[in-house]
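S.K.: Would you mind keeping the following structure in view while I ask a few things?
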Amino acid sequence: MVSAGPAALKPSVEKRSIRVRQLPEQGIRLDVFLSGQPGLGSRTQLKRLIEQGRVRLNGRPAKAASKVRSQDRIEVELPEPAPATVEPEPIPLAILYEDEHLVVLDKPAGMLVHPYPGRLSGTLVNALLFHCQDLSGIGGQIKPGIVHRLDKLTSGVMVAAKTDAAHQGLARQFQAHTITRAYLALVHGTMDKERGTIQSLIGRNPRHRLKMTGRVRQGKTAVTHFVVQARYPGLTLLECRLETGRTHQIRVHLSEAGHPLVGDPLYGRGRQLPGGLSAAQHATLKHLKRQALHAYRLGFVHPKTGERLEFTSNPPSDLQAVLKALSQADP
């Protein structure tokens, strides 16, 4: 277990070797290609590595503008990060349930679940380290207690483990897809069906390092079930139930089905609000500063007692304001 004291982020050294097999286009710039590879950092950081001579293309020092072609071999030396610690912080938590084995909470939108190098404070882990006497150590120093996560701009119910045994028991349920996870999602467009299932593989988008996509040949199976809850002019409110829990799963499935989440800064960028809304409805939607996605239900078997537990969370005030405005008829 991890105590409530500072959690150290261990330094590591890594050398990455990449054999180029698929390209979004032949002759792509080296820094652009590498920025689409997971775990290598931003394009600015990669340019710095290239300038430091830490990147070699086919065995020779490379330049940021070097052209990459199929079958090229790229070697990247990632410098050792400076040691850091994750400090407990007195950040308020909305606790729905807690015992000596686990804690269930309602995460606000805008809060990261766990730290990463360069961002070590203000996260759910910082808050949990302050609140709990101990957390499970299975998630490592950077993710103690974290069994699953919600995106930064997604609100709703989460469970964290205090003991390794509870962590393992919950993880088995996630792997067996026996966890109940239901979300409310407000999306662009009118869904043709009242209910349905979206299934695909999901993997890293080769053209955008921050995005995932279902249009891949290799990836992890992802299954999302949806039911229409309400229809508004140019918008649809869905309940989405996850059979699997892949990164950005709901956001990817709905955006690639032509119905991105309202307010999604990554997958819904550029989508204009539909016509047919009143001035008040339009203003309320414009005020929403994050994706309209809320994890409102979480159910699982308690890993120690065997009791079936289920927790619900009402949408926070920003989403409630949107739904209230949409439900009101145009005067």
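The values are calculated or read from the model by the stated rules, or taken from the named source; none is laboratory data. All of these numbers come straight from a predicted model, not from anything done at the bench. For neighbour counting, all protein chains shown are included, and Cβ atoms are generated from backbone atoms with ideal geometry for every residue, glycine included.
S.K.: Filter the range 152-170 down to the residues that are within 15 Å of L105 (Cα to Cα), of a type in the set (D, E, K, R) and out of contact with any Leu (no Cβ under 7 Å at 6 or more places or on another chain) and list them by number.
M.R.: Selection gives nothing.
S.K.: Okay, next question. Take S255 and decide whether it is under 24 Å from Q175 (Cβ atoms), at pLDDT 95 or above and not assigned by TED's automatic domain parsing to the domain that holds R21. If you could, list the steps in order and put the result at the bottom.
M.R.: Working: under 24 Å from Q175 (Cβ atoms): no; at pLDDT 95 or above: yes; not assigned by TED's automatic domain parsing to the domain that holds R21: yes.
Here the answer is no, as S255 does not meet what is asked.
S.K.: Looking at (1) touching a helix residue (DSSP H, G or I) at 6+ places or on another chain (Cβ under 9 Å); (2) free of Cβ contacts under 8 Å to residues at least 24 places away in the same chain, which is the only condition V216 fails?
M.R.: (1)
S.K.: Next up: Considering only residues of the range 296-331 that are out of contact with any helix residue (DSSP H, G or I) (no Cβ under 6 Å at 6 or more places or on another chain) and β-branched (V, I, T), which is surrounded by the most Cβ atoms within 10 Å (Cβ to Cβ)?
M.R.: Across the range 296-331, the extreme among qualifying residues is V301.
S.K.: Which one of H101, H114 is out of contact with any strand residue (DSSP E or B) (no Cβ under 6 Å at 6 or more places or on another chain) and closer than 28 Å to K304 by Cα? Spell out how you get there, then give the answer.
M.R.: Numbers: H114 fails: out of contact with any strand residue (DSSP E or B) (no Cβ under 6 Å at 6 or more places or on another chain).
The unique qualifying residue is H101.
S.K.: Is at least one residue of the range 284-294 closer than 26 Å to Q168 by Cβ and among the charged types (D, E, K, R)? Give the derivation first.
M.R.: Of all residues in the range 284-294, those closer than 26 Å to Q168 by Cβ come to none.
For the range 284-294, residues closer than 26 Å to Q168 by Cβ and among the charged types (D, E, K, R): absent.
S.K.: Turning to a different aspect of this structure: Taking D151, is it under 22 Å from the mean Cα position of the chain (by Cα), closer than 18 Å to C240 by Cα and acidic (D, E)? Steps first, answer last, please.
M.R.: Values: under 22 Å from the mean Cα position of the chain (by Cα): yes; closer than 18 Å to C240 by Cα: yes; acidic (D, E): yes.
Criteria met by D151.
S.K.: Can you tell me which condition G268 does not meet? The list is (1) closer than 18 Å to Q328 by Cα; (2) at pLDDT below 95; (3) buried (at least 19 other Cβ atoms within 10 Å of the Cβ), and all the others hold.
M.R.: Going through the list (1) closer than 18 Å to Q328 by Cα; (2) at pLDDT below 95; (3) buried (at least 19 other Cβ atoms within 10 Å of the Cβ), G268 breaks only (1).
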